[in-house]
Each structure stands twice: as structure tokens, then as C-alpha cells.
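Working notes, structure below.
The values are calculated or read from the model by the stated rules, or taken from the named source; none is laboratory data. Given the structure is predicted, the values throughout are model-derived calculations rather than measurements. A quick note on method: Cβ atoms are made from the backbone with ideal geometry, for glycine too, and the neighbour counts reach across all protein chains shown. With ligands, DNA and RNA removed, areas are computed over all heavy atoms of the protein, side chains included. Shrake-Rupley method; radii C 1.70, N 1.55, O 1.52, S 1.80 Å.
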Amino acid sequence: MGEIEVTLMNKNTPVMLISGTFEKLSEKTSLPVFVAKKVEVLNQNLLPIYIFREGMYVKQFNEWMSKRLISPKRKDIQIETIEWKDNKAHYFSLSDQYWIRYDETEKWDNLNFFTNNYPLLTGDTLFTKNEAALKSAQMYYDTPDLVTNGLMKKRWKKDKKNFNILIKHSSQQFKQEVLNEILASKLLSKLKIINYVEYYMCIEGYDVCCYCRNFVTADTEFVPAFHIYSAVPYGEKVKGMGEKERTYSHLIEAIDHFKIPGAKDFIDKMLIVDQMMMNDDRHLGNFGFLRNVNTGEFIEPAPLFDFGNSFFSDNTRANKTQHIFKDRIDYLFNNKAMQPLTNQQLIDFKNSISDFSFLTDKEKNNIFDNLARNNEMIKNRLLENEVQHTHNKKNVNLSLEDSF
């Protein structure tokens, strides 16, 4: 197919005219991605937040589109022989309301995944155990499974009450992420600190998986923190900071720029609960904010999700949370905002692990012991800060006495 003209829509509103072509997402998969060659902005206010800079609209559209799609690094789609059905990929998602319109007869009301059903064949195929069938598979463009990023295998379905649910698998390397998502839900329900996504256990493709309900509605979109971070220029104060120090400070600049209600308090609470749960994988791509697609205004922080890397004790893993939020975490410790779990919360957590019959007693004890040790580390750090504060206060008083 040669170059064609399409319209990027935000629900029922045209936001950009685009001339472009379909190209392969990667060398290892035949999945097509639409690549823009030329664009014309029709409605700047309702564009994706990531597409913000005049003169760079083409580049930013293509980056946004590729990041929005299923990751080419996912091993379950790296097969060139998959045949993609349909002639048109509209790229409807369950995280936002953007889609590609080919002509004016196409309507959001008739095609979107919030109020309409979608084919399950693609998700079924991605979760199949039959590798031979996968190599000769046929899959559909128009399914939310192809517009769901991240490295973990996942798919969408509707439950018995017609709610859209996201089903997640564990990695082959660690095999514990599903359990961690569910345990985090149980712990957060007791803490009552932050609004969060609740995960439940299920069986999908003969494997233990977890699922959660979609928190995005037909009138909202999820905007990752990275998008607002990228859309706002660094302030003068932030320009002089190092890479590690500037992340939190510039994120706050972006939050102020977009006037996102409750965002600063939410981030502090996020860092506190992640510290409690040993979650070392919080980054600007796995938390964010809800935006009204009709007005372009931000509503509130999205419920906290993605706890798959919690409760691990492997010190060789990259701690993304400490890398980008270290200064703010230090601030929370120094100002006694960080807090450990109570003994009762630890007991409740231990009881919640006992519900999982597929774990051995050794595995259950290992998870609990990791959490208990982490809790002691939080207590000790708070105590050390208190001792240091008292010591500094005494030195100040002594200096004052010497001055008389």
C-alpha cells in the first residue's frame, strides 16, 4: 500500500490530518504501524499530550504511535509469518480515545472498544500453547491487544458484567509478577493510603494470570507521566540540576503547568507505598493521570497500578525508583512522611499469602521474610534520621551557648 491520507481522531473530534504509509513494526514481526510523512494540526488542544512541539509534529506522532502499540520486544509476537486480517488498522485503544479514520463514514460510536465488542482471536492466539498454530496464525488489526504496550504478555476481554478487563501473565524469568500484583492489592486495601488498581487471580491459556478492570472510561484517557514530563521545557532551576536530581523537580513543573489536581500528594503516597512493598520498578511510564477527552483538561491522578516487581529480594535488579526519585524519597524519610508497616499489617499480609495453595511453605515464608526485613530497614532509617536530627539540634544549642 502506498502513501494515503487519514485523520487522527480524538473520539469524535478530528485533531490531525496525516499523510503516511504502513510499515513493519520491527524486523521480527509483520505487525504494521502507520508512519506519518506529513501532518496538519486541526485541534492542538485535543492532540495527544506527547505531540506538542511545532516543527516536530511528524517525529512526535511517529514516536507516540510506536510507543502506544504492543512492544516489538514481546516474544509472543516476534513471528513474521502471522497474517494480519482486515485491510484497515484503526488503532482503537482501551487507554485513550485516539484512532485513525479513513473516511467520514467511519464513526467512533460504531467502532470503539468501550461500547462495542472486539474479536478475541488475537488474544487467544497470543496466549496459546500451540507454537505450531502460532506460526500460521491469523490475527486482527482492530483489537485492543495490539494497542497495549509493555513487555509482559497481556490481553483484553470483557467479563460477565461486560466490563473490559486486562489479563496479565508473568515473565519467564521470574514467574512471580502475577502473585505480586495480587499481594500488592491485598496490602494496599489494608493501608488505605492511595487510590489503586485491584488485581485478581485467573486462569488464562492454562496458566495462572491476574486481571484488573479498566479504569479508563469512554470520556477519559490515561496520560503517562512521561508524556507531561516531555511536553514542558525545563525551568531555569531544573536546568542546573543533574539527571537524577531533575526528574522529580521537572515532573512537578509539568504538573503545575497542566494544573493536575492532587498530583503532588499522589506522587508522595506512591513513593511511600512502593517503598513499603519493595517495588523497584516505578518509572515515568507506569503511572500517570486521567484527562477529559472532551475538554483536554486533566481530572486527577490515575489509580496506581503495575506492582509486578514488588516483594523481590534480588539486589542485582535495577532499582528504577531509587534512580529517578532518590531525592524525594530521602525528603520523605527526613521529614517522617515515610512510614513502616505496623505489626498488624504484617500479620494481615502473612495471612493473605496463606491463601495461595500453589505456593510452598518455603516460598510463602521467603516472601514474608523479605517484606519484614524491608520493614525493619525503613524503621532503622527513620530512627537514624531521628538520632541525627537530635545530634544536630544539640550542636546548634552548644554553638548558641558559646556565642554568649
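The table for this structure:
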| quantity | calculated |
| --- | --- |
| Filter pass, N334 being within 21 Å of I272 (Cα to Cα) and crowded, with 16+ Cβ neighbours inside 10 Å | no |
| Any chance S71 is under 30 Å from T13 (Cβ atoms), modelled with pLDDT under 95 and open to solvent by 30 Å² or more (accessible area, probe 1.4 Å) | no |
| Residue satisfying condition, being modelled with pLDDT of 95 or more and open to solvent by less than 70 Å² (accessible area, probe 1.4 Å), within set N385, N309, N375 | N375 |
| When residues of the stretch 279-299 are limited to those that are without any contact (Cβ under 8 Å) to a residue 60 or more places away in the chain and closer than 26 Å to N180 by Cα, the one most open to solvent (accessible area, probe 1.4 Å) | H283 |
| Filter result (of a type outside the set (D, E, K, R) and within 30 Å of K259 (Cα to Cα)) within the stretch 19-51 | V39, V41, L42, N43, Q44, N45, L46, L47, P48, I49, Y50, I51 |
| Residues located in the stretch 329-348, provided they are touching a residue at least 12 places away in the same chain (Cβ under 8 Å) and within 25 Å of H283 (Cβ to Cβ) | I329, L332, F333, N334, A337, M338, Q339, P340, L341 |
| Residue satisfying all of: in the stretch 15-39; touching a Ser or Thr at 6+ places or on another chain (Cβ under 9 Å) and open to solvent by 50 Å² or more (accessible area, probe 1.4 Å); modelled with the lowest pLDDT among these | K24 |
| Qualifying residue in the stretch 55-71 (condition: touching a residue at least 40 places away in the same chain (Cβ under 8 Å) and assigned to a strand (DSSP E or B)) | no |
| Residue, nearest to N286 (Cα to Cα), within the stretch 100-152, restricted to residues that are among the basic types (K, R) and modelled with pLDDT under 90 | K129 |
